[in-house]
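S.K.: I have a structure I would like to understand better, so I am pasting it below and will then ask my questions one at a time.
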Amino acid sequence: MLADRRAKIVATIGPATREEKNLEKAIKAGMNVARLNFSHGSHEDHLKVVESIRKLSKELRAPVAILQDLQGPKIRVGKFEKGSIEIKPGQKLVVTTAAVLGKEGLIPSDFKELPLACSPGTKILLDDGLMELKVLQVRGEEVDVEVVYGGILKDRKGMNLPGVNLPVECMTEKDLQDLEFGITHKVDYIALSFVRHARDIRKLREILETRKSQAKIVAKIEMVEALENLEEICRLSDVVMVARGDLAVEVGQSRLPGYQKRIIHVCNELGRPVITATQMLDSMVENPRPTRAEITDVANAVLDGTDALMLSAESASGKYPFKCIRTMHEIISEVERNEEEYYKISLESEFLSAPAAIAASASLSALKLNATAIVCLTTTGKTANIISSFRPRAKIISITQHMEALNAMEMLWGIQTHVIKPYKTMEDILTQVDQLVVTHGLAKTGDKVILTLGQPIASGAKTNSIYVHTVGGESFQRLPDDQLPLRCQTDPVVE
């Protein structure tokens, strides 16, 4: 069943998936997190997706996290009279920051500070590095360049200046307007693009706290400066994304794999969830099957310790969005079936907070008692998040009455999310747990499960206890698929 997969799938929503019937197919194919890319689309378009996902999530009983990805100070070329131009090696061109349409020999850019950032010899990369320009001279708002590598340059393609410290703020006016939308409509995660320093995260955190937003922050690592401040950025963020597109352009393609492994390792050490993103199954934008290299890339990201893998154009605008999500699900599931590296618990670490100590104890108890599951009763998901970072082999089942917490936990490795009815006593809890795990096929009568909870129960205390329980539930049996939440059914067929 879909719930058995530990690493989660983030799927970007676009023209291929944004209709409600297609969003339902994406969830059934295995999507845990829906990414809304605010570099494209109107607020009206995004609101329809948010409303559809929340509706489908309730109907299918399948919580889905919504990730708002802010555009950031992304430098782009402008628009061209004919939609594109061809540029050829050795050709001399002018790049201008004036508000004009581009044409042969003239490339407009929306980056007003471009002349300040350039000097003779500066390298300008276009369209994720597919084309390259070399700066010859700067004249006012115009920059004279020579084409090193050419190609077809289309409207609004990206522009990078690798190694140049750009004189821009992390959040633009557009980002602040988009952020207001995200806060108002209660998205679960907000991804901050082009993070360079810890202060970028602090600035966003202050805005969220001022607005009393529960949204969590995803730091996108795609700049050289972010790598220089990696540990501090990871500590201050809730989640980290290896944004391989711009990162590869910034650091050079041959250095990308090493940096990817380093970011994942630092996040694992700090207990921060990490997303690996960009071109995971890129050939499936056009083809029904991935390349062998892509299959291996997905598998290696899982083996390295990533919490979630992200699809971009594959699910947003590709020809086979649902097949792509299901293919990723199948690759991840196969890797995890043969994975031996569980329980990353260090008994040497410094003193832990109470939730971290409970999480470590629950994970260790599950290992020593060969428990089938760790059941977390939670209101925020904090303890479940920490348990996830210890990578137990036992299932992590997080149960709460709070839908916002369930949605947010869909990002986290290994966590299965379920609703529980209100409870007042330990007996209430154990009865509901027995019924849940047996009827949903998550454990059998006689299995051991480890509970984490807050006591005294009636007062709603924060997590401070673990309880070893042997599953009863002799009067219960597994329900048929049509009565179960989506992810506990036999993998749904997606057409």
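S.K.: Name the helices (runs of 4 or more DSSP H) wholly inside the range 187-298 in which the number of residues that are farther than 26 Å from A359 by Cα is 2 or more. I'd like the intermediate steps shown before the answer.
M.R.: Values: elements: 198-210, 224-228, 230-236, 244-251, 256-270.
Result: 198-210, 224-228, 244-251, 256-270.
S.K.: Could you tell me whether A301 is of a type in the set (A, V, I, L, M, F, W, C), outside the structural domain of N385 (by TED's automatic domain parsing), surrounded by fewer than 15 Cβ atoms within 10 Å (Cβ to Cβ) and in a helix (DSSP H, G or I)?
M.R.: Values: of a type in the set (A, V, I, L, M, F, W, C): yes; outside the structural domain of N385 (by TED's automatic domain parsing): yes; surrounded by fewer than 15 Cβ atoms within 10 Å (Cβ to Cβ): no; in a helix (DSSP H, G or I): yes.
Spelling it out, it is not the case that A301 is of a type in the set (A, V, I, L, M, F, W, C), outside the structural domain of N385 (by TED's automatic domain parsing), surrounded by fewer than 15 Cβ atoms within 10 Å (Cβ to Cβ) and in a helix (DSSP H, G or I).
S.K.: Still on this structure, I have one more. Being in contact with a His (Cβ under 9 Å, 6 or more places away or on another chain), at pLDDT 95 or above and assigned by TED's automatic domain parsing to the domain that holds Q177 narrows it down to one of E44, E51, so name that one. Please lay out each step first, then the result.
M.R.: On the way: E44 fails: in contact with a His (Cβ under 9 Å, 6 or more places away or on another chain).
Exactly one of E44, E51 is in contact with a His (Cβ under 9 Å, 6 or more places away or on another chain), at pLDDT 95 or above and assigned by TED's automatic domain parsing to the domain that holds Q177, namely E51.
S.K.: Something else about it: Can you tell me which residues in the range 70-112 are without any contact (Cβ under 8 Å) to a residue 40 or more places away in the chain and assigned to a loop (DSSP other than H, G, I, E, B)?
M.R.: Residues satisfying the conditions are E81, K82, A99, V100, L101, E104, G105, D110, K112.
S.K.: Can you find a residue that is under 21 Å from A354 (Cα atoms), in a helix (DSSP H, G or I) and among the basic types (K, R) anywhere in the range 379-392?
M.R.: Just the residues of the range 379-392 that are under 21 Å from A354 (Cα atoms), to begin with: 379-392.
Then drop every residue that is not in a helix (DSSP H, G or I), which leaves 382-389.
Right, trim to among the basic types (K, R) and you get 382.
Yes, the conditions are met somewhere in the range 379-392.
S.K.: Here's a follow-up. When the residues of the range 409-454 are filtered to those that are part of a helix (DSSP H, G or I) and closer than 29 Å to V302 by Cβ, which remaining residue is nearest to the chain's Cα centre (by Cα)? It would help to see each step written out before you state the result.
M.R.: From the range 409-454, those part of a helix (DSSP H, G or I) are 409, 426-439; that's our starting set.
Retained after the next criterion (residues that are closer than 29 Å to V302 by Cβ): 409, 436-437.
Numbers: M409: 12, L436: 28, V437: 28 Å.
So the residue we want is M409.
S.K.: To continue, here is another question. I'm checking my understanding of the structure. Among residues of the range 66-94 that are within 30 Å of A308 (Cα to Cα) and of a type outside the set (A, V, I, L, M, F, W, C), which one is surrounded by the most Cβ atoms within 10 Å (Cβ to Cβ)?
M.R.: The first filter runs over the range 66-94 and keeps only residues within 30 Å of A308 (Cα to Cα), leaving 66-76.
Checking the rest, the ones that are also of a type outside the set (A, V, I, L, M, F, W, C) come to 68-69, 71-74, 76.
On the way: Q68: 24, D69: 28, Q71: 17, G72: 24, P73: 18, K74: 20, R76: 17.
Among those residues, the one meeting the criterion is D69.
S.K.: When you scan the range 421-441, do you find a residue that is among the hydrophobic types (A, V, I, L, M, F, W, C), within 26 Å of L364 (Cβ to Cβ) and in contact with a helix residue (DSSP H, G or I) (Cβ under 7 Å, 6 or more places away or on another chain), even just one? Can you show your working first?
M.R.: Narrowing the range 421-441 to residues among the hydrophobic types (A, V, I, L, M, F, W, C): 426, 429-430, 433, 436-438.
Subset that is within 26 Å of L364 (Cβ to Cβ): 426, 429-430, 433, 436-438.
Still in the list and also in contact with a helix residue (DSSP H, G or I) (Cβ under 7 Å, 6 or more places away or on another chain): none.
No, the range 421-441 contains no residue that is among the hydrophobic types (A, V, I, L, M, F, W, C), within 26 Å of L364 (Cβ to Cβ) and in contact with a helix residue (DSSP H, G or I) (Cβ under 7 Å, 6 or more places away or on another chain).
S.K.: Oh, and also: Between residues in the range 290-306 that are more than 20 Å from K319 (Cβ to Cβ) and residues that are part of a helix (DSSP H, G or I) and not β-branched (V, I, T), which pairs lie under 7 Å by C-beta distance while being six or more apart or on different chains?
M.R.: V302/E336; D304/K261; G305/N268
S.K.: Now for a separate question. Filter the range 141-163 down to the residues that are touching a Cys at 6+ places or on another chain (Cβ under 8 Å) and surrounded by fewer than 16 Cβ atoms within 10 Å (Cβ to Cβ) and list them by number. Spell out the reasoning first.
M.R.: First, the residues of the range 141-163 that are touching a Cys at 6+ places or on another chain (Cβ under 8 Å): 143, 161.
Across the range 141-163, there are no qualifying residues.
S.K.: Among the residues in the range 228-238, are any in the same structural domain as L179 (by TED's automatic domain parsing), surrounded by 23 or more Cβ atoms within 10 Å (Cβ to Cβ) and of a type in the set (D, E)?
M.R.: Checked the range 228-238: no residue is in the same structural domain as L179 (by TED's automatic domain parsing), surrounded by 23 or more Cβ atoms within 10 Å (Cβ to Cβ) and of a type in the set (D, E).
S.K.: Taking the conditions exactly as written (outside any strand (DSSP E or B), closer than 17 Å to D246 by Cα and touching an Asp or Glu at 6+ places or on another chain (Cβ under 6 Å)), does P162 satisfy them or not?
M.R.: Working: outside any strand (DSSP E or B): yes; closer than 17 Å to D246 by Cα: yes; touching an Asp or Glu at 6+ places or on another chain (Cβ under 6 Å): yes.
It is true that P162 is outside any strand (DSSP E or B), closer than 17 Å to D246 by Cα and touching an Asp or Glu at 6+ places or on another chain (Cβ under 6 Å).
The values are calculated or read from the model by the stated rules, or taken from the named source; none is laboratory data. Treat the numbers as computed from the prediction; the structure is a model and nothing was measured. When we count neighbours, we look across all protein chains shown, and the Cβ atoms used for this are built from the backbone with ideal geometry, even at glycine.
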